[in-house]
Amino acid sequence: MFVSITFFVYHCYLNNQVKSYLIQQGQEQLKEETGHLCAEVEMFLQKYIIITDHAKSNDNFINLAREIKSKDTKRQNPLFAKVTKQLLDICELDDNISQAFVAVTSTNDIITSEYEYDIYSGYELSQRQWYINTIKANKTTITTPYIDLITNKSAITIATPLKYGDEVLGAVGVDILIEDINNIMNEYSSKAGLDLGLIYDNGLVLYNAEYANKENTSKVYIQDLLDGELVKNILSGKSGMSRYNYNGKEMHISYRPIKNTNMIIITNISESKLIAPVDRIMHTNLLTLFVVTLIVTIFLYLLQKTISNPLIKICNELKNYTQNNSIDLPLEYLNRTDEIGVLSNGITFLLDEISKNTFKIEETNKELTQAKEKIRKDKILFETTIHSLGDAVISTDENGNVNIMNVLAQELTGWDIENARGKPFDEIFNIVNEFTRQKYPCPVKEVLKCGKKIELSENTILISTQGKEIPVEDSAAPIFDEQGIITGVVIVFRDYTEKKIKIDKISYLSYHDQLTDLHNRHFFEEKLNKIDTKENLPLSIIMLDVNGLKLTNDVFGHQTGDKLLQIISDVLKNNSRYNDVIARVGGDEFVLLLPKTSNAEAQKIVEHIYSETVNIQFNNIVVSVSMGCETKISCDQDIMKIFAKAEESMYRKKLIESQKMRNKTVQLIIKSLNGEDEEHKKNSEKISKTSLKIGKVLGLDKDLMAEIEMASLLHDIGNIAINSEILEKESTLTSVEYEEVKRHAEIGYQILKSVDTYTNLSDYVLSHHECWNGTGYPRGIKGEEIPLISRIIAVAAAFEAMISDRPYRVAHTKDDAINEIIKKSGTQFDPNIVKAFLKSLEE
């Protein structure tokens, strides 16, 4: 019965577990095989996709598609022979490419590798589905199978748009015969032993192992073979695994779309194949069961006769012993020399010994009770200590002597538990105040005294046996027994170093300016109240403002502006004393607090700062500051009024010094541009002369002529902030580089706008690249919205640019330049200005 039940359980296990396991493993293998096959087909198609993507950038293909005007004259184009030869080269790249072609939209024609090939009359390229899909998707596509017009075989097309800029000229592609993909499927089906399939995303079956070796010209769709829900999942574009019934057989199917294609790989296997090993095991086990059952039956008969019956008799006698304290075993059992005899004699002896030792057991129970109480107390102590194992833990007895330390406590104190056990707590836990260096009272003694939890004071330093100082925070709590009596103290502490560093860093950042590393306004306001005492009189305040910071930021960028602020902060540090306070209180404003400093001494510091800033050379920027100084000499004076007077004095100086600085900056930029590039200077002078000639023809007055002369000389002043490598680049500018160059008009505007002397010229510089039709930059204004002087400079600058050498080209002839300006009249240039320009040339 036992063997039968075991076999039944085993049979159920195989059915429920092993079969499930085999099905699960089979599904995983099926899924894996699908992935491998998908990858293999992807690799097969990917190389043709790469070939097609590479072909679309072929200049010959693009130029031929642009130049040919009809099918009849295409062979007259010199590029036609080259293109057919290159298409033939593409075909020869791989045996699986049946044809390579260029489809030309304008001529409704297909050019192939066969020089003499012409598409049949009535062929409409725009009606071909592969062409429609390719142009609509605007990327590389793979078509459904079709009968190729050239090879007359079933094929798929891999095609991609052929474009010139944004203009679609047609398409370029290759034809891959379906039989090449079928060969891959046949090889993989034979190797893996699976039913494979390849379908299009509309359900068309491209390959099926069942029809692989049969002649079958009719189209088969998966919708005709499988139920709707399964088909919906397969065509969803997602990978998956499903189970279904096909002709009465349970089947498992795995499906996976091929990346960047419209095709899907499917693999099938019947469930009977998956669980075949279980059926073989069951047949083997049935035979095994019969043999085992026969052997067990014989064994049980012998076991019952020699062992089971005597054991039952012995057990019954043992039951009687509990009632009458005696046992009566048959003499034949006691005389046996086998295990039954040994057991019978042993039980008899054992029962005799039990009676003798009963008294001894009762005495031992008393001792066990006492030991149990001690264990209970130790357990309470241990559980309390374990409760705080996340930090360093030390536990003491009621006398304050150490008895437990965890590993972290040993690391922090430098003591190991063997040496520390039994020693007073304050001997191993040496703590002092971080600042006064005074030793703290022993926390264990305080807990034993007050009977409640305590925590250490802030700024506590633990000194280890190696002399290492560690900031710590901790707490100490008493341990109570069941009667509420203190039996010890547990101390929990942790390394406070990282937390302290973070707190110190936060404190530092809250009082310092991150850019200049000077104190910030928050610190200054607190310090001003503290330093405003009688002991610090006379107390001087210097307010400082950086002139032209906004101009620097607008023209040269905020990084340059930040560097300027750092330079000024270094100057202030160099001219300050130990007790002086320097703070950055605004974007471009600094303040110096000078305790015990008279106004005369403060003025000397101001002079030193002015002297040092004047000598600073920083790119093309004039480093300039404006400062105001005021001194508090008596306690009756309000420090905020002193601060206000210093600030007012600074702003008065800034009104004058700021304009001077900006004017110097413009002069420095002009000098820098002309000094670094003599050609730039000559070009600017030529543009100025040409502009004046146009103005003269237009009959402009004397003031406007003066503005024309100055504006034309300064029209490219914004180039100072443009990377010289871009301005001097010999090849064509990238789109990013061109956008950078276009910034020079706005930069020039910002420079001139900041200086009163040149403000009236700033709009002319801003607009000298605007076009008459509104396609210029930076604002896209048009017509007479563009200032007259800007329109004059635009013509003069364009003419001089064309007849001058440039890094990326040689100069045009004057006739070519004049023709180009005439050509752009009414679009880029004002027609009236062009007429005046031409008249000035005649004169």
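A few points about this structure:
- In order through the stretch 489-494: 3J(HN,Hα) via Karplus (6.51 cos²θ - 1.76 cosθ + 1.60), integer Hz, x for Gly, Pro: 9, 10, 10, 10, 9, 9
- Cut-off 14 Å between beta-carbons: net charge of the residues surrounding Glu785, Lys and Arg +1, Asp and Glu -1: -1
- Shape class of the stretch 698-843 from the alpha-carbon gyration tensor: oblate, with a/c at 1.5 or above and b/c at least as large as a/b.
- Cα convex hull of the chain - mean projected area over all directions, nm²: 73.8 nm²
- Amide H contacts under 5 Å for Gly488: Ile479, restricted to partners 5 or more places along the chain or on a different chain, H placed in the peptide plane at 1.01 Å from N.
- Close amide-amide hydrogen proximity is noted between Met263 and Ile258, each under 5 Å apart and 5 or more residues distant or on a separate chain (H modeled in the peptide plane; Pro and chain starts excluded).
- Counted as membrane-span-like here are DSSP H helices of the chain whose alpha-carbon atoms extend 20 Å or more along the helix's own axis and whose Kyte-Doolittle mean is 1.6 or above; these are 276-303, 788-802.
- From the alpha carbon centroid of the stretch 228-305 to that of the stretch 769-843 is 83 Å.
- If you bin all the Cα-Cα distances of the stretch 1-93 at 10 Å, starting from zero, the percentages per bin are 13, 21, 15, 11, 10, 9, 8, 7, 4, 1.
- Net dipole in debye of the stretch 716-827 [+1 Lys, Arg Cβ; -1 Asp, Glu Cβ; about Cα centre; nearest 20]: 260 debye
- Estimated from helical segments only, the mean residue ellipticity of the chain at 222 nm is -16500 deg cm²/dmol, where each DSSP H run of four or more residues counts as -39500 (n - 2.57).
- The modelled label-to-label distance for the pair Asp53/Glu124, using points 7 Å beyond Cα in the direction of Cβ, is 3.4 nm.
- If R0 is taken as 25 Å, the Cβ-Cβ distance between Asp805 and Ser735 corresponds to a FRET efficiency of 0.55.
- Selection from Thr827, Ala711, Leu788, by position along the positive dipole direction of the stretch 704-837 (Cβ): Thr827
- Dipole in debye (nearest 20) - the chain, about Cα centre, beta carbon charges: Lys, Arg +1; Asp, Glu -1: 860 debye
- Rounded to the nearest 20 debye, the dipole magnitude of the stretch 382-510 is 420 debye, with +1 charges on Lys and Arg beta carbons, -1 on Asp and Glu beta carbons, and the Cα centre as origin.
- Between Asp224 and Glu455, residue separation times 0.36 nm minus the direct Cα-Cα distance comes to 75.1 nm.
- Toward the positive end of the charge dipole of the chain, with +1 on the Cβ of Lys and Arg and -1 on the Cβ of Asp and Glu, the farthest Cα among Gly484, Ser106, Asn579 is that of Asn579.
- Here's how it looks for Asp109: its modeled amide H is under 5 Å from those of Val104, which are all 5 or more places away or on a different chain.
- Ranked by how many other beta carbons lie within 10 Å on average, peptides 128-140, 298-310 from highest: 128-140, 298-310
- Across the options Tyr758, Ile722, Val83, the greatest Cα extent toward the positive end of the charge dipole of the chain (unit charges at beta carbon of Lys, Arg, Asp, Glu) belongs to Tyr758.
- At full extension, Lys573 and Leu408 could sit 54.8 nm farther apart than now, given 0.36 nm per residue minus the alpha carbon distance.
Read-outs throughout are calculated quantities, based only on the coordinates presented, and are distinct from any laboratory measurement. Please read these numbers as outputs of a predicted model, since none were measured by experiment. Positions of Cβ are backbone-derived with ideal geometry, glycine not excepted, and every protein chain shown enters the neighbour counts.
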